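One structure is given below, encoded as structure tokens.
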Amino acid sequence: MHKKLFHVTGSLLLALIIVTNIQAQPSAPVADDFLPKDYLTKDFHAGRRDAARQMMPENSVMVVFAYPTRTFSNDVEYLYHQNPDMYYFSGYKEPHSVLLIFKDEQKDSLGNTYKEMLFVQKRNAQAEQWTGRRLGTEGAKEKLGIPMSFNGEDFANMNIEFSKFDKIIFDRFPDDVPNGFGKADLHDLIEQFKEKSKMPEKPGSDKRFDNRLYRDLTAQLREIKTPEEMSLIRKAVEISCRGQNEVMRTVHPDMSELEIQGLHEYVHKRYGAEEVGYGSIVGAGENGCILHYMENTKTKVGTSMILMDVGAEYHGYTADVTRTVPVDGKFSDEERTIYQLVYDAQEAAFKTLKDGSTWSDASKAAQDIIADGLLKLGIIKNRADVRKYYPHGLGHHIGLDVHDRGTYQKLKKDMVITIEPGIYIPEGSDCDKKWWSIAVRIEDDALITENGYELLSHFAPRKIEDIEKMIAEKSVLDNYKLPPLESGKKKGF
Ligand code: GLY
Ligand code: MN
């Protein structure tokens with residue numbers, strides 16, 4: 001999901017043209033003392049490239065492009081989000097770039113050997129004055145530890161003999177990469193690659209070009225988390241839980257969905273999480289029945305339950321935690337009954353988890369509980385109808401993507417997955433009215449271990465009595481009151 005905001009380019013072009021004679025001075029980098037201390041290291045990224053190389057077939061090259069930039073409004077771009085594969089293998093966070101990982105050591109005409117090449121955005125003082133610092137080739141060599149780093153515009157003239165490789169492993173391209181500023185933008189780099197490698201027009205007609213292998217290989221790598229990744233995931237998950245807890249303590253019926261979203265995201269940022277890993281879902285009552293509800297426009301959440309599916313992204317790694325809580329502090333009988341059913345389904349799924357178990361073991365355990373429960377309550381008449389009220393899968397991997405790359409076969413030690421059963425009963429459903437507009441999802445993040453799992457999201461309560469207890473607590477945000485707006489008080493124009 002794209003996230004806003006502001007990355008200014010075009011309208012400022014006019015200003016740029018006017019000042020072309022004035023030499024801009026790019027801003028000095030921020031001193032390390034004032035930057036987070038726990039970024040992934042260049043050794044981590046080098047290790048991931050080596051791990052890829054070990055899995056790559058003989059005489060092959062892997063080609064990883066950055067994600068495209070996207071327009072938010074006229075000359076304003078969405079906040080840029082790097083392709084997680086590019087970030088994983090290089091640590092490079094800027095657009096308009098391409099990374100080549102070679103299986104075997106290569107030699108240039110001067111006899112230098114290398115195993116990878118990175119083409120980055122060229123440094124440009126004027127562009128940097130408007131849109132931010134660039135690492136450039138020197139920065140990429142020093143900070144990312146990739147000696148063969150070049151400007152993107154050198155890609156066209158670089159003698160890379162793609163014809164000599166038995167396999168060219170690359171991901172399919174997004175199908176609408178904008179043609180931005182021409183030379184060495186992503187569009188241009190992709191076109192250069194197609195030309196240099198003589199990629200056939202028809203996908204699949206030359207078996208040397210392999211994007212299935214790209215997906216398999218990156219899935220196998222990324223689904224197993226390293227200790228460095230785990231330390232960031234643990235933070236992302238704890239931060240998300242802290243957001244849930246603070247909102248539980250402060251929530252009241254007069255709040256809007258947007259305000260609640262803002263409180264979660266404030267807590268995330270307070271703890272250093274730069275982003276959310278997906279659009280925050282804050283749905284009161286009936287709105288909880290929309291699985292990916294992101295409008296969050298209800299101005300008063302009222303006394304019903306609120307479903308909050310919000311995940312902090314910390315240095316690229318995202319959590320995915322959902323809590324459903326009664327805004328008035330007490331679950332009604334119907335809310336309690338449905339909540340308990342989802343809780344029991346989640347517990348049943350947890351019990352199956354361990355190295356060597358399967359997704360289907362866990363999914364079946366959860367679905368059986370929900371089907372039996374809904375039958376018993378008379379909400380469904382046939383077990384098969386369970387999918388009407390539980391229409392999604394049990395979970396997914398998390399990591400650099402919220403729905404992270406994975407093979408989805410056996411669960412293995414060091415995978416991190418969500419377990420997120422839910423029941424959603426929209427108004428008008430074919431059951432007793434008393435169940436209408438009840439929506440419950442409980443979503444937790446679990447690390448698979450040799451003999452079981454570790455519940456990473458244990459920081460936020462899940463049990464009915466613990467949630468009610470937390471809602472009754474005071475919050476540091478309770479006294480954070482803003483005065484009403486002045487504008488809009490006068491009627492008419
Ligand atoms: N948290 C949103 C999802 O898992 O789809
Ligand atoms: Mn999820």
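Scaling the Cα radius of gyration of the chain by the globular reference 2.2 N^0.38 Å produces a ratio of 1.09. With Cα atoms as the point set, the range 164-310 shows a radius of gyration and Dmax of 22.3, 67 Å. As a length-normalised measure over Cα pairs under 8 Å and 6 or more apart, the relative contact order of the range 407-493 settles at 22 percent. Per-atom-type breakdown for the range 452-493 gives carbon and sulfur 59% of the accessible area (1.4 Å probe, protein chains only).
Summed over qualifying helices (DSSP H, 4 residues or more, each -39500 (n - 2.57)) and divided by its residue number, the chain shows a 222 nm mean residue ellipticity of -10000 deg cm²/dmol.
Toward the positive end of the charge dipole of the chain, with +1 on the Cβ of Lys and Arg and -1 on the Cβ of Asp and Glu, the farthest Cα among Ile239, Pro391, Tyr343 is that of Pro391. Scattering from the range 274-409 was approximated by placing one identical point on each alpha carbon and applying the Debye formula without solvent; log10 I(q)/I(0) at 0.09, 0.14, 0.18 1/Å stands at -0.32, -0.78, -1.21.
For Tyr278, the amide hydrogen comes within under 5 Å of the amide hydrogens of Gly311, counting only partners 5 or more places away or on other chains and with H modelled in the peptide plane. Here is the tail figure for the range 78-140: Cα pairs spaced more than 15 Å apart come to 59 percent of all pairs.
Over 26 Å between Cα atoms, which of Lys115/Lys143; Lys164/Lys194; Lys300/Lys381 qualify?
Pairs exceeding the cut-off: Lys300/Lys381.
Relative contact order of the chain, taken over Cα pairs closer than 8 Å and 6 or more residues apart, is 13 percent. Computed over the range 337-386, the P(r) curve from all C-alpha pair distances, binned at 10 Å from the origin, holds 29, 47, 21, 3 percent per bin.
Excluding ligands, DNA and RNA, the accessible surface per residue across the chain is 49 Å² with a 1.4 Å probe.
Its Cα centre serving as origin, the chain has a Cβ charge dipole (Lys and Arg +1, Asp and Glu -1) of approximately 260 debye.
Find the percent of Cα-Cα distances in the range 398-493 that exceed 18 Å, and round it to a whole number. Cα-Cα pairs of the range 398-493 separated by over 18 Å account for 71 percent. Close amide H partners of Ser97, meaning residues 5 or more places away or on another chain with modelled amide H under 5 Å apart, are Ala66. Taking the inverse of the mean reciprocal distance over all distinct Cα pairs, the Kirkwood hydrodynamic radius of the range 287-336 comes to 12.5 Å. Rolling a 1.4 Å probe over the protein heavy atoms of the range 309-384, with every protein chain left in place, gives an accessible area that is 50 percent carbon and sulfur. The P(r) of the range 228-323 has a tail past 22 Å containing 23 percent of all C-alpha pairs.
What's the Cα-based Rg to Rh of the range 274-315, Rh via Kirkwood? Rg/Rh: 1.03. Bridging of Lys413 to aspartates and glutamates at a Cα separation below 12 Å is possible for Glu223, Asp355, Glu450, Glu454, once same-chain residues fewer than 8 apart are set aside. Straight-line cross-link partners of Lys433 among the aspartates and glutamates, defined as a Cα under 18 Å from its Cα and at least 8 positions apart when in the same chain: Glu286, Asp333, Glu334, Glu335, Asp385. With all projection directions averaged, the alpha carbon convex hull of the range 125-216 covers 7.7 nm².
Tell me the volume per residue, in Å³, of the convex hull enclosing the alpha carbons of the range 380-423.
Per-residue hull volume (Cα only) is 88 Å³.
How high is the relative contact order of the range 343-493, given as a whole-number percent (alpha carbon pairs under 8 Å, six or more residues apart)?
The normalised contact order for the range 343-493 reaches 22 percent.
The values are calculated or read from the model by the stated rules, or taken from the named source; none is laboratory data. None of these values were measured; they are calculated from a predicted model. Please note: Cβ atoms are built from the backbone with ideal geometry, for glycine as well, and neighbour counts cover all protein chains shown. Heads up: the accessible areas ignore ligands, DNA and RNA and are worked out on the full protein's heavy atoms, side chains in. Shrake-Rupley method; radii C 1.70, N 1.55, O 1.52, S 1.80 Å.
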